[in-house]
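Student: Let me give you the structure first, and then I'll get to my questions.
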Amino acid sequence: MNKRSFIKTATLSGIGSAMGMDALASLFDAKKNVSATALAADDAFWKNIRNQYILKPDYINLENGFYNFIPQPTLEKYIEHIRHINFHGSHYMRTVQRDNKKRMAAKLAEVAGCSPDELIITRNTTESLDLIIAGQDWKAGDEALMAIQDYGAMLDMFDQVSRRYGVVLNKVSIPNLPASDEEIVSLYEKAITPRTKLLMIPHMVNITGQILPVRKICDMAHSKGVEVMVDGAHAFAHIQYKINDLGCDYYGTSLHKWLSVPLGAGFLYVKKDKIAKVWPLIGDGNKDLDDIRRLNHVGTHPSATDLTVEDAIDFYNMIGAERKEKRLRYIQQYWTSRVKNVPKIIINTPTDDKRSCGIANVGIDGMTPADLAKRLMDEHKIFTVAIDTANVHGCRITPNVYTTLEELDAFVAALKKLAA
C-alpha cells in the first residue's frame with residue numbers, strides 16, 4: 001500500500017468511531033503524568049483525537065486556518081441545540097436566548113482571561129474589529145497605524161473611514177523573520193505621530209503565523225497616548241495567553257477557527273473604560289453607555305451557534321491549552337525542520353517557540369504561490385492556500401491536532417519533489 005492510500009484508509013477508519021466526552025477525558029487522564037512536551041510527539045495518542053473528526057479521504061487538509069472542522073462530540077451537541085431551539089421556537093427566543101448568550105460570553109471570558117462585562121459574542125473577527133474601527137469618533141486628520149500584512153477586511157474598513165472622515169492611514173511592513181521583539185516594537189514606534197489615534201496589530205500574522213510581542217507594543221503605544229486594537233483571529237484557542245496580560249484596549253477573534261465552534265461566532269473584548277465611547281454598528285435601545293451588550297445588537301441570528309460555544313470550550317479544556325499548543329507547535333516544527341535547508345525552499349515564518357506555533361508559510365524559489373498550491377493539490381492531493389501579497393510569497397500551512405505525521409511526511413516529500 002502506498003503512502004497516499006494508507007492515509008486515505010486511515011482517515012476512513014476513523015469515521016464512526018467517535019467517543020463520548022467521558023471516554024475521551026479518560027484517555028487524557030491516563031496521560032496526566034506525561035508532560036505536554038512528551039505527549040506532543042506521541043502520534044499514536046493523537047490519532048484518538050483524529051477519530052473524533054469525519055475527514056474527507058480525497059486529500060490531506062492543511063488549510064484549517066480558514067475554518068477548523070467541528071469534532072463529532074461538539075457537532076452532535078450543535079445538532080441537539082438546533083433541534084431544541086426549533087422545538088421551542090419564539091418562546092425560546094423571547095425568554096432565555098439573551099440569558100444563554102450572556103452565559104456563553106462569561107464562559108469565553110473565563111478562557112480569554114478578562115471580565116465578563118468586557119466581552120460580547122459576535123459573528124467573527126471582521127465584525128468585532130470593524131465595529132471598533134467604524135465606532136470611533138474620527139476627525140479629519142486623525143491617523144491610524146497598521147501593517148500591510150493585516151487582514152484585508154479590516155484594511156478595507158480603515159480605507160472606508162479614511163474616505164468618509166479624512167483619516168490618514170499609515171502602514172508599516174512586518175519583516176517575515178525579525179531579529180528581535182525590539183525590531184517589531186521599533187517599527188511601530190517610529191510610525192507613530194502626535195495625531196495617531198488607533199494602532200491595529202495582529203496577535204498572530206494571518207498569512208505567516210508569526211506571533212507578535214503584543215504586550216511590548218501595547219506598552220509602547222500607551223506611553224504615547226495611542227490605543228491598541230489586536231486581531232486575535234488565529235491566536236485564541238491556539239496559543240496560551242490572557243487578554244488582561246496583553247494590555248490592549250480592544251481584542252477580536254473568530255471562534256470557528258481554533259476553538260472549532262460552528263460558523264458564525266467570534267468575540268470582541270473592549271476594555272471597561274473604553275466601552276462608553278464606542279458607537280455600535282447597529283443602533284440599540286440600551287442607553288447604558290458602559291454596558292458592552294449595547295454593541296452586540298445584530299438582529300435575529302442563529303442562536304444554536306451561541307449555545308455550542310460551551311461544548312467547544314469543553315472539548316478544548318479536555319485537550320488542555322498547554323497540550324494543544326505544544327502539539328500544534330510540534331507538528332509545525334516537524335515539517336519545517338525537514339525542509340528549511342532544502343535548496344529553493346523558503347520558510348516565511350520564524351519557527352522558534354516564541355515567534356510561531358501551528359502555522360507556517362512556505363514557498364519555492366521560482367514558483368508562484370498559486371502554482372505551488374495548484375501542484376500540491378493536483379499532483380499530491382494536499383490542500384493549502386496560496387499567499388502572494390504584502391511581501392509574503394508562499395502557501396500558508398495550517399494543520400490541526402488531528403493531522404498525522406504520515407500526512408506531514410507526504411507533504412515534505414511533495415515539497416522536496418517540487419523544489420527539485
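Quick note: the coordinates plus some simple rules give every number you see, no bench work behind them. Values in this document were obtained by computation on a predicted structure and should not be read as measured data. Here the Cβ positions follow ideal geometry from the backbone for every residue, glycine too, while neighbour counts run over all protein chains shown.
Student: Name the trypsin sites (Lys or Arg not before Pro) in region 285-369 that are in a loop by DSSP and that have at most 16 other C-beta atoms within 10 Å, would you? List each step's numbers first, then the result.
Tutor: Working: sites: LYS287, ARG293, ARG294, ARG323, LYS324, LYS326, ARG327, ARG329, ARG338, LYS340, LYS344, LYS354, ARG355; in loops: LYS287, LYS340, LYS344, LYS354, ARG355.
Those satisfying the criteria are LYS287, LYS340, LYS344, LYS354.
Student: What residue among ALA106, ILE313, ALA140 has its Cα farthest toward the positive end of the dipole of region 76-314, where the charges are +1 on Lys, Arg and -1 on Asp, Glu, each on the Cβ?
Tutor: Result: ALA140.
Student: Could you give the length gained on full extension between ASN170 and ILE282, defined as 0.36 nm per residue of separation minus the Cα-Cα distance, in nm?
Tutor: Values: separation 112, 0.36 × 112 = 40.32 nm, distance 2.78 nm.
Value of the extension gain: 37.5 nm.
Student: If you don't mind, there's one more thing I want to ask. Name the shape class, rounded, prolate or oblate, that the alpha-carbon gyration tensor gives for region 82-184, where a ≥ b ≥ c are the square roots of its eigenvalues, rounded holds for a/c under 1.5, and otherwise prolate holds if a/b is larger than b/c and oblate otherwise. Write down the numbers at each step before the final one.
Tutor: Working: a/c = 2.82, a/b = 1.85, b/c = 1.52.
Note, shape of region 82-184 comes out prolate.
Student: Distance check, please: which entries in LYS197/LYS324; LYS190/LYS354; LYS77/LYS381 exceed 28 angstrom between their Cα atoms?
Tutor: Working: LYS197/LYS324 36 Å; LYS190/LYS354 24 Å; LYS77/LYS381 32 Å.
The pairs that break the limit, which is 28 Å between Cα atoms, are LYS197/LYS324; LYS77/LYS381.
Student: Can you tell me which of 363-376, 246-259 comes out highest on packing, and rank the rest after it, using the mean Cβ neighbours within 10 Å? Don't jump to the answer; show the numbers that get you there.
Tutor: Details: 363-376: 17.0, 246-259: 25.1.
Result, highest mean Cβ count within 10 Å first: 246-259, 363-376.
Student: Could you tell me the calculated FRET efficiency between ASP245 and SER223, based on Cβ-Cβ distance and R0 = 22 angstrom, to the nearest 0.05?
Tutor: Details: r = 18 Å, r/R0 = 0.80.
About 0.80, to the nearest 0.05.
Student: Follow-up question, since we're still on this one. What number do you get for the chain when its Cα radius of gyration is normalised by 2.2 N^0.38 Å, N = residues?
Tutor: Details: Rg = 21.8 Å, N = 420, 2.2 N^0.38 = 21.8 Å.
This ratio for the chain stands at 1.00.
Student: Hey, what did region 76-314 get for relative contact order, percent, Cα under 8 Å, at least 6 apart? Write down the numbers at each step before the final one.
Tutor: On the way: 433 pairs, mean separation 61.9, N = 239.
26 percent.
Student: Find how much the distance from ALA41 to THR193 grows on full extension, using 0.36 nm per residue of separation minus their present alpha carbon separation; answer in nm with one decimal. Show your work: numbers first, answer last.
Tutor: Details: separation 152, 0.36 × 152 = 54.72 nm, distance 4.71 nm.
In short, 50.0 nm is gained.
Student: Compute the distance in nm between two label points, each set 7 Å from the Cα along the Cα-to-Cβ direction, one at ALA321 and one at SER26.
Tutor: 2.9 nm
Student: Something else: Which trypsin sites (Lys or Arg not before Pro) from region 107-214 combine a DSSP loop assignment with at most 14 other Cβ atoms within 10 Å? All intermediate terms of the calculation are to be shown ahead of the outcome.
Tutor: Numbers: sites: LYS107, ARG123, LYS139, ARG163, ARG164, LYS171, LYS190, ARG195, LYS197; in loops: ARG123, LYS139, ARG195.
Loop-located and lightly packed - LYS139, ARG195.
Student: Let's test the formula: R0 of 35 Å, r as the Cβ-Cβ distance of ILE148 and PHE87. What FRET efficiency results, to the nearest 0.05? Walk me through the intermediate numbers first.
Tutor: Working: r = 49 Å, r/R0 = 1.41.
E(calc), rounded to 0.05, equals 0.10.
Student: So what are the three principal axis dimensions of region 76-314 from its Cα atoms, in whole Å, longest to shortest?
Tutor: Principal-axis extents of the Cα atoms in region 76-314, largest first: 57, 37, 27 Å.
Student: Next question. Taking 2.2 N^0.38 Å as the expected size of a compact globular protein, what ratio does the Cα radius of gyration of region 142-221 give against it, to two decimals?
Tutor: On the way: Rg = 12.4 Å, N = 80, 2.2 N^0.38 = 11.6 Å.
That works out to 1.07 for region 142-221.
Student: Let me ask something else. Test of understanding: what is the full-extension gain from ILE79 to VAL96, defined as 0.36 nm times their sequence separation minus their Cα-Cα distance?
Tutor: Values: separation 17, 0.36 × 17 = 6.12 nm, distance 1.85 nm.
Between ILE79 and VAL96, full extension yields an extra 4.3 nm.
Student: Taking springs between alpha-carbon atoms closer than 10 angstrom, which of ILE359, ILE207, ILE282 fluctuates most in the Gaussian network model of the chain?
Tutor: So, out of ILE359, ILE207, ILE282, the one fluctuating most is ILE282.
Student: Net charge within 14 Å of GLU183 by Cβ-Cβ distance, Lys/Arg positive one each and Asp/Glu negative one each, not counting GLU183 itself? Spell out each step's value before the answer.
Tutor: Details: positive: LYS190, LYS216, LYS354, ARG355; negative: ASP181, GLU182, GLU189.
Residues near GLU183 contribute +1 overall.
Student: A further question follows. In nm², what is the average projected area of the convex hull enclosing the Cα atoms of region 265-339? Intermediate values should be presented prior to the final figure.
Tutor: On the way: hull surface 32.9 nm².
Mean shadow area of the hull around the Cα atoms is 8.2 nm².
Student: Restricting to Cα pairs below 8 Å that are 6+ residues apart, what does the relative contact order work out to for the chain? Please round to a whole percent.
Tutor: On the way: 782 pairs, mean separation 90.0, N = 420.
Computed over the chain, the figure is 21 percent.
Student: Right, something else. Return the distance in nm (one decimal) between the two label points of a simple spin-label model at LYS354 and ASP388, each offset 7 Å from Cα along Cα→Cβ.
Tutor: With each label placed 7 Å out from Cα toward Cβ, I get 3.5 nm.
Student: For the pair VAL34 and LYS139, what calculated FRET efficiency results from E = 1/(1 + (r/R0)^6), where r is the Cβ-Cβ distance and R0 = 41 Å, to the nearest 0.05? Provide the component values of the computation, followed by the final result.
Tutor: Values: r = 57 Å, r/R0 = 1.39.
The value I calculate is 0.10.
Student: Please report the spacing between the Cα centers of region 166-182 and region 189-266 in Å, no decimals.
Tutor: The distance from the Cα centre of region 166-182 to that of region 189-266 comes to 14 Å.
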